[in-house]
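Read-outs throughout are calculated quantities, based only on the coordinates presented, and are distinct from any laboratory measurement. As the structure is a computational prediction, the values presented were derived from the model and not from experiment. Every residue, glycine as well, gets a Cβ built from its backbone with ideal geometry; the counts of neighbours run over all protein chains shown.
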Amino acid sequence: MRLDVITIFPEYLDPLRHALLGKALERGILEVGVHDLRNWASGGHRAVDDTPFGGGPGMVMMPEIWGPALDDVAAGTRDGTVLDSATPHLDAPRHDELNGISGHSYEGESGELPLLIVPTPAGEPFTQEMARQWSNESHIVFACGRYEGIDQRVVDDAAQRYRVREISIGDYVLVGGEVAVLVMAEAIVRLIPGVLGNRSSHEEDSFSDGLLEGPSYTKPRTWRGREVPEVLFSGDHGRIARWRRDQALLRTQERRPELLDTVELSDADERALYSRNVATDLNVLINPADWGRAVAKLPKKLRKAGFDVTDIHAEIVDLTCEPDNMLVTQFEQTEGHVPVTEVLHRVLVNGRSHLDLRELTQLVVRNLPRGTYWYGTTDEGHREPGIAAACAWQDPGS
Ligand code: JB8
């Protein structure tokens, strides 16, 4: 890949020589030309900017300078400063850095025209997907503006010789495009096989699955009283992968919730994101033997349906406290006699679930004998079993 940068501050691009990009330069994977825009400026002051038509603050970069600069760099007739690495990396590539490297073509998205990237806060947001596509380009030219930017006709006219993209690296404003070029060049070049090494390592990068990466840990196991999460020592690769996915989901929800809108979530993912403590609190008119049978099977059945039960409490409600309990009244009206074997119970099921509250109430009720008279709700949080409210009100305050 060849990168050319046109700027009035060529020294700003010196960091391209270092570390990652330096290694790519030495390996012949990357070639970089940095061009001083003033080489195309004539006249005593070699001015590159002028006042804006229509008035307003600042200066605009002149088309008569940018036009020829972009023509020459597209044609490859100006070499600029060809960067080589500041600190040669003479060591051979480590074996693990070359594992899994697949063939890579340097063909552009649509053929022969070089890609021209113009950094501007008014551009389309730069993404990992752009970095991935552009890592297959053979020639990218970056045009760094300063001041209020470049005369728009330069960008419009450049479409004759380039595929042109005006790109922003984020919603903030820099003094010029140079630092944005460093950012984009690094994001692009690290994806060229043989630069970073092992290609599978970028499949786990933040954004490659649409999620932010969760936390990472190394030795020592305890540091300043802080423990590495226990699961990472379990040796259970399935459980570790699930935990990492959960951490990525929770962090994404916390920091970048909008990213979750475009990610496909499995049931396990939904559980990680949406499970919270819930308490189903019911009054149930039921024969104690039937209740005993129902409660024996309840935890397993509820767990299977997505309600992780932590505890179930049941108590018999003293009907003298509730002389006109609605379940008893309803029973009498429907059955034509007072309850004989059926007893009013208060049933409290605490647990965790990602299901919605109405679904949880229905779920518990569906696991009672068919036709059981009941009322109640499910709420978020944990609930302690206590004295039935009706009995508390029974005391007239004497
Ligand atoms: C003048 O924030 B930026 C950015 C700011 C700029 C220019 C280019 C890019 C040119 N100011 O990405």
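Once you list every other residue whose beta carbon is under 13 Å from the beta carbon of Gly177, what net charge do they have if Lys and Arg are +1 and Asp and Glu are -1?
Numbers: positive: Arg146, Arg165; negative: Glu148, Glu166, Glu178.
After counting each charged neighbour, the total is -1.
Evaluate the stretch 137-248: find the radius of gyration of its Cα atoms, find its Kirkwood radius, and give the ratio Rg to Rh. Before the final figure, lay out each step's value.
On the way: Rg = 21.2 Å, Rh = 18.4 Å.
Using only Cα positions, Rg/Rh for the stretch 137-248 is 1.15.
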For the charge dipole of the chain, defined by +1 on Lys and Arg C-beta atoms and -1 on Asp and Glu C-beta atoms about the Cα centroid, which residue among Pro193, Tyr147, Gly43 has the Cα displaced farthest towards the positive pole? Pro193
Among Arg163, Arg38, Arg370, the residue with the largest mean-square fluctuation in a Gaussian network model of the chain built from Cα contacts under 10 Å is Arg370
With Cα atoms, 0 to 90° folded angle of helix 178-189 axis to the chain main axis: 70
Which ³J(HN,Hα) values in Hz, rounded to whole numbers, follow from the phi angles of the stretch 112-119 under the Karplus curve 6.51 cos²θ - 1.76 cosθ + 1.60, where θ = phi - 60° and Gly and Pro get x? 8, 4, x, 8, 10, 10, 10, x
If amide H atoms are modeled at 1.01 Å from N in the peptide plane, then the residues at a separation of 5 or more from Val5, or on another chain, having amide H under 5 Å from its own are Gly33, Val34, His35, Phe142
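Can you give me the Kirkwood hydrodynamic radius for the chain, using every pair of distinct Cα atoms, in Å to one decimal? Walk me through the numbers before you get to the answer.
Numbers: mean 1/r = 0.0365 Å⁻¹.
In the chain this quantity evaluates to 27.4 Å.
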If we count other beta carbons within 10 Å of each Cβ, what is the order of Tyr162, Tyr12, Tyr274, fewest first? Tyr274, Tyr12, Tyr162
GNM on the chain, C-alpha springs below 10 Å: top fluctuator among Gly149, Gly54, Gly76? Gly54
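DSSP loop GluC sites (Glu not before Pro) in the stretch 244-327 with at most 12 other Cβ atoms within 10 Å of their Cβ, which ones? Display every interim value, and only then the final one.
Working: sites: Glu254, Glu258, Glu264, Glu270, Glu315; in loops: Glu264.
Loop-located and lightly packed - Glu264.
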Cβ density ranking, 10 Å radius, fewest first, applied to Cys144, Cys321 yields Cys321, Cys144
Pop out the Kirkwood hydrodynamic radius of the stretch 277-394 from its pairwise C-alpha distances, inverse of mean 1/r, in Å to one decimal. 14.7
Most fluctuating of Val317, Val340, Val32 in the GNM of the chain (C-alpha, under 10 Å) is Val340
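What is the magnitude of the charge dipole of the chain about its Cα centre, with +1 placed on the Cβ of each Lys and Arg, -1 on the Cβ of each Asp and Glu, and no other charges, expressed in debye to the nearest 20?
Details: 41 positive and 63 negative charges, 273 e Å.
That gives a dipole near 1320 debye.
Order of 278-285, 323-330 by packing, highest average Cβ count within 10 Å first?
Working: 278-285: 21.8, 323-330: 13.8.
The most tightly packed comes first, giving 278-285, 323-330.
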Ranking request for peptides 183-189, 172-178, 227-233: highest mean number of other beta-carbon atoms within 10 Å first, then the rest in descending order. 183-189, 172-178, 227-233
In deg cm²/dmol, rounded to the nearest 500, the helical mean residue ellipticity at 222 nm of the chain, built from -39500 (n - 2.57) for every DSSP H run of length 4 or more, is -9000 deg cm²/dmol
